[in-house]
Amino acid sequence: MLNYHLLGKKPDGMLSSHTRYGLFSITDKSNSFVGPLIVGLIADSTGNIRCAFFFLVFMVWAAVPVLLSVNVDKGRQDVSDYVSRRALVEE
């Protein structure tokens, strides 16, 4: 298996696996802190925990357009192209 980060190269337009994991880790950790903080602030300011659920429903629905904008077919094609290029490099 060819490790691009050891060679100082990577395919054009691709993030290294370390960068992808770092971005995932930062967003995962910060969201598990920010979400409860916002819910707690809403509950404290209104005096009612039910109002915080409106924020949670809004956040779920705000993610729907982002998820619908993902071009799955293009992603599949990009993965196929990447695997083909990688196979050529490893030979």
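Nothing in this text is a laboratory measurement; each read-out follows from the coordinates by a stated rule. Treat the numbers as computed from the prediction; the structure is a model and nothing was measured. Backbone-built Cβ (ideal geometry, glycine too); neighbour counts: all protein chains shown.
Here are the numbers:
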{"read-out": "Inter-probe distance in nm under a simple model that places probes 7 Å from Cα toward Cβ, at Ser30 and Ser69", "value": "1.8"}
{"read-out": "Computed lengthening from Tyr21 to Arg50, 0.36 nm per intervening residue step minus Cα-Cα distance", "value": "6.9 nm"}
{"read-out": "Under Karplus coefficients 6.51, -1.76 and 1.60, residue-wise ³J(HN,Hα) of the stretch 70-79 in Hz, glycine/proline x", "value": "6, 8, 5, 4, 5, x, 4, 5, 4, 5"}
